[in-house]
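The values are calculated or read from the model by the stated rules, or taken from the named source; none is laboratory data. Not measured: the values here are computed from a predicted model. Ideal geometry is used to build each Cβ from the backbone, glycine not excepted, and the neighbour counts take in all protein chains shown. Just so you know, the surface numbers come from the protein's heavy atoms only, side chains and all, with ligands and any DNA or RNA stripped out. Shrake-Rupley method; radii C 1.70, N 1.55, O 1.52, S 1.80 Å.
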Amino acid sequence: MNNDYQRSVSLRASRRAERNNQRQQNEDVEGEFFSPGKWSQDYPMKIIWRRGFLRLVLVGGILWMFLILTVLLFHVWSCQSSLAFLSDLSSVMVSDNGSTLFAPCAAMCNRGSRVLIMLDTMGLVPKPPHRCLIPVADDPDKIVIPKRRTPSEVVEQLTYITEDVVGNNGSSPPPVFGGHQSWLQRDESFELKSSMKVHCGFMRGGGAEMAPKDIRYAKNCRFVVASGIFDGYDTPHQPSDVSPRSQKLFCFLMVVDEISINFIKKNVTVREDKDGGQWVGIWRLIVLKNPPYDEPRRNGKVPKILTHRLFPEAQYSIWIDGKMELMVDPLLILERYLWRGKHTFAIAQHKHHRSIYEEADANKRRKRYARPLIDLHMKIYHHEGMEPWSPMKNTISDVPEGAIIIREHTALNDLFSCLWFNEVNLFTPRDQLSFGYVVYRLGGVFKFFMFPNCEYNSLFVLHPHTREHSSKVEWVKSLDEFKGNNSDLKESRGGLGLWTPYPGNLSSVVLPAVSRTSKAG
């Protein structure tokens, strides 16, 4: 029995020794594998080549898939863009020559194609704007233009304040374009009378001067399509489908600052007529010297809202933002949005928002202006009784899509434009936040036609800016950042109402809760 016990012990010892030897051999192999010194000497060359080949195939496959994905995304962008040059080229080649060389491109741009469906499920296909048919007339030549202007009933005479009142100590503040409107003057401007005198920009010495040659040209303009480019963010886009009648009837006036005129001359052809007027295609360039504001976005509100002040002889105007390409004859636009329904002011409904508080929230998320200043702006409006939009209101929405404004220049419409501009001048340059407030303050007297957003998308092709706008003030998160060494963040000529002591108590004002209805920001 002792012999059997000794034999089993010796067997276990021998097996343990074998396992230790095997473990040591494995460690030696692993050491050889990971040892940089032994890699080139001892490791078999065929394994090195095999691993190198596998890595090369893997990298090549990744690059190939990246190239395929890039081409697909580029082609999807082509299908979605206004040019759609690949899809257009494919359709032309198929239809004209009978060749199917480019047929796959046409198939890929088909909404029902498997490629687009697959990419759409991956979230890689941008959603095009919702468009709908516009019930415009068929022929611009058959449009009957009203012989008489719409009579003024509520406001019959409107004049403008052009100089600031001298202070009690005999001193006068430095001139600014919008003037130093007091809170009392602001309240009085909303009290409608048959004869009114209000602030409306263009204070003496405040900037935004036109050259005499442009003033003379604008005096002959009764029907105006106006646009604007500031700080070199765009180049003029030529309107499409403009009838010969509209070309003779309308003045196409592109208001630019000196930075933009220089930028345009470097990128597109600018011709000069015998009177010194500058043209890009159908657009007559109107240069505003001495921009009135520090903020380019605020400068753009001058021709947009105060069209009647820049071009006082105009009876009708259509404003379009500088990034838009007009796709509908302007005479058909006036007939559809003004004359057919006997309207005098038309503007599109915002795509997502109806309440100014929703729009303010989206502006903060997208960093369109300093967040605390937007909040202060909204607190003033809420303190003054501006409630969030609801179906109980008499308006479709409180928030417009401000890229197009269609107007007959009546006294009431001109007054509304002045009051709207005064709010933009006093507070933030986000004019969509102020539109509904001015409508509210006028107590339903101001009538306007707000048409569906899908029609707005059918009027234009939207082009991207040449560069993205950005300024330091957009990233400010608290009012404390405007103090001390950062006081230069304040605009020196606009938004002065945000820094003037407000006559009411805003400390207890709580902004309405916002349910986010869009993915903005």
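Here is how the numbers come out for the structure above:
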read-out: Count of residues meeting criterion [closer than 17 Å to LEU306 by Cβ and either part of a loop (DSSP other than H, G, I, E, B) or open to solvent by 10 Å² or more (accessible area, probe 1.4 Å) (or both)] in the stretch 229-254; value: 2
read-out: Residue tally, condition within 16 Å of ARG407 (Cα to Cα) and touching a His at 6+ places or on another chain (Cβ under 9 Å), over the stretch 321-334; value: 0
read-out: Residues of the stretch 373-405 classified as open to solvent by less than 20 Å² (accessible area, probe 1.4 Å) and among the acidic types (Asp, Glu), total; value: 1
read-out: Any hit, the stretch 477-486, residues being at pLDDT 95 or above, of a type in the set (A, V, I, L, M) and either surrounded by 20 or more Cβ atoms within 10 Å (Cβ to Cβ) or not in a loop (DSSP other than H, G, I, E, B) (or both); value: no
read-out: Residue list for the stretch 422-476, filter: among the aromatic types (Phe, Trp, Tyr), within 22 Å of HIS409 (Cα to Cα) and modelled with pLDDT under 95; value: TYR456
read-out: Scan of the stretch 481-490 for residues that are out of contact with any Leu (no Cβ under 9 Å at 6 or more places or on another chain) and over 17 Å from LYS364 (Cβ atoms), ordered by number; value: LYS483, GLY484, ASN485, ASN486, SER487, ASP488
read-out: Those residues of the stretch 457-488 which are under 18 Å from the mean Cα position of the chain (by Cα), of a type in the set (Ser, Thr, Tyr) and farther than 20 Å from ASP234 by Cα, in sequence order; value: SER458
read-out: Filter result for LYS147 (modelled with pLDDT of 95 or more and surrounded by fewer than 17 Cβ atoms within 10 Å (Cβ to Cβ)); value: no
read-out: Sole exception among (1) touching a Phe, Trp or Tyr at 6+ places or on another chain (Cβ under 6 Å); (2) modelled with pLDDT under 95 for ARG271, by number; value: (2)
read-out: Flag for GLY436 being of a type outside the set (Lys, Arg) and under 21 Å from the mean Cα position of the chain (by Cα); value: yes
read-out: All helices (runs of 4 or more DSSP H) inside the stretch 406-472 with 1 or more residues being open to solvent by less than 10 Å² (accessible area, probe 1.4 Å) and either closer than 15 Å to HIS308 by Cβ or touching an Asp or Glu at 6+ places or on another chain (Cβ under 7 Å) (or both); value: 411-426, 432-441
read-out: Filtered residues of the stretch 155-181 (kept if open to solvent by 60 Å² or more (accessible area, probe 1.4 Å), closer than 22 Å to TRP420 by Cα, at pLDDT 85 or above and not in a strand (DSSP E or B)); value: GLU156, GLU163, PRO175, HIS180
read-out: Contacts under 8 angstrom Cβ, first residue in the stretch 216-242 being within 26 Å of GLU295 (Cα to Cα) and hydroxyl-bearing (Ser, Thr, Tyr), partner part of a loop (DSSP other than H, G, I, E, B) and open to solvent by 30 Å² or more (accessible area, probe 1.4 Å), 6 or more apart; value: SER227/ASP321; TYR233/LYS323; TYR233/HIS465; TYR233/THR466; TYR233/ARG467; THR235/VAL268; THR235/THR466
